[in-house]
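Comments concern the structure below.
The values are calculated or read from the model by the stated rules, or taken from the named source; none is laboratory data. All of these numbers come straight from a predicted model, not from anything done at the bench. We place every Cβ from the backbone using ideal geometry, glycine too, and count neighbours over all the protein chains shown. Remember, those area values only see protein heavy atoms, side chains included, never the ligands or the DNA or RNA. Shrake-Rupley method; radii C 1.70, N 1.55, O 1.52, S 1.80 Å.
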Amino acid sequence: MRHAIYFAPPPGTIFHDLGSRWIGRDAFTGEACEQPDLAGIGVVTGDPRRYGFHATLKPPFALRETVNAEALLRAVAALAAGQQGFAVALKVAVLDQFLALVPREPSEALERLAERTVRELDGFRQPPSEDELARRRTSDLTPSQERHLAEWGYPYVFGDFRFHMTLTERLPPAYIERFKAAAEAHFAPVLAAPLAIDGLTHFTEAARGAPFIATRQFPFSSQVAEVAA
C-alpha cells in the first residue's frame, strides 16, 4: 500500500463535484461519475481518474516498517492543526500537453504548505527501490530534480514544485485548445473567484496501479486569511 497527502476539495462542495465529474470518479466514494458531454473525454482522463481529483503535496510513498498508518494520520492531523487557511485563484493551463488547474499567480502560501508537508512527514516514507528510481530517471531530470529524487524520493519538490490539479492525460496538439475551452466552461463556476485551500486529505493506493481512495480529511485550524488573485 502507498499513502499520499493531497489537497482535495471537500465532498459536498461545487469544486469537488465539478472535479469528480470532469475526471469521471469520486475519490471519496470510489464511484464513477457522469462526465461532461464531450466526445472522447473519458479516453483522456484515465490517469487523473485513477488518482482522483487532487493536487499533490506529499507524493505517494510506502510506509517504513517501523511506523504505521495511525501514526502517519496523527502527524497529518498535527500538521493541519498548525496551518492557516488561505485562498488562491486558479486557471486552466497547458502543462507538457496535459491540462491542469494551476494558480493564476505564484503563491508563497502554497509553496510553504507543500514544503512543510514534504519535510514534516518524510520520516514515514520508505526510500524508493532501485526500480522506482530508474522509472523516475526516464523523465530526463534536471540536476536539482535528481537531488530531490535522491533525498526526498520525488523529483518535483521545493524549487521544482508546481501546484496543479491534473485534468487530462497528454493530449494530441490538435485537441488541446478544444479540451481547454471545454475545461474552462466546465469549471467556470469556481474559477471566477479565489478558492480556499483549507485542509489536507489522506489518500491510499491499495496496490500499485489501483485507484487512489481519499480516506480522511484534516481541516486547517483557522479560516482563510490570504488571497492570491
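Table: residues versus (1) open to solvent by 20 Å² or more (accessible area, probe 1.4 Å); (2) in a loop (DSSP other than H, G, I, E, B); (3) in contact (Cβ under 8 Å) with a residue 12 or more places away in the chain.
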| position | (1), (2), (3) |
| --- | --- |
| 99 | no, no, yes |
| 113 | no, no, yes |
| 119 | yes, no, no |
| 123 | yes, no, yes |
| 169 | yes, yes, yes |
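Candidates are the residues of the stretch 14-33 that are over 20 Å from residue 216 (Cβ atoms) and out of contact with any helix residue (DSSP H, G or I) (no Cβ under 7 Å at 6 or more places or on another chain); the one that is surrounded by the most Cβ atoms within 10 Å (Cβ to Cβ) is 21. Whether any residue in the stretch 34-51 is crowded, with 21+ Cβ neighbours inside 10 Å, aromatic (Phe, Trp, Tyr) and modelled with pLDDT of 95 or more is what I want to check. No.
Within the bounds of the stretch 3-14, is there any residue that is without any contact (Cβ under 8 Å) to a residue 12 or more places away in the chain, closer than 20 Å to residue 102 by Cβ and part of a loop (DSSP other than H, G, I, E, B)? Yes, some residue in the stretch 3-14 is without any contact (Cβ under 8 Å) to a residue 12 or more places away in the chain, closer than 20 Å to residue 102 by Cβ and part of a loop (DSSP other than H, G, I, E, B).
Restricting attention to the stretch 109-118, does a residue exist that is farther than 30 Å from residue 182 by Cβ and more than 16 Å from the chain's Cα centre (by Cα)? Checking the stretch 109-118: not a single residue is farther than 30 Å from residue 182 by Cβ and more than 16 Å from the chain's Cα centre (by Cα). Of the residues making up the stretch 144-166, none is in contact with a helix residue (DSSP H, G or I) (Cβ under 8 Å, 6 or more places away or on another chain), surrounded by fewer than 19 Cβ atoms within 10 Å (Cβ to Cβ), basic (Lys, Arg) and within 29 Å of residue 43 (Cβ to Cβ).
Note on the stretch 183-208: among residues that are assigned to a strand (DSSP E or B) and out of contact with any His (no Cβ under 9 Å at 6 or more places or on another chain), the one that is surrounded by the most Cβ atoms within 10 Å (Cβ to Cβ) is 197.
Number of residues in the stretch 209-229 that are at pLDDT below 95, part of a loop (DSSP other than H, G, I, E, B) and surrounded by 14 or more Cβ atoms within 10 Å (Cβ to Cβ) equals 2. If the condition is being among the β-branched types (Val, Ile, Thr) and not in a helix (DSSP H, G or I), then the stretch 19-51 contributes 29, 41. Of the residues screened, residue 175 is one that is of a type in the set (Ser, Thr, Tyr) and over 25 Å from residue 119 (Cα atoms).
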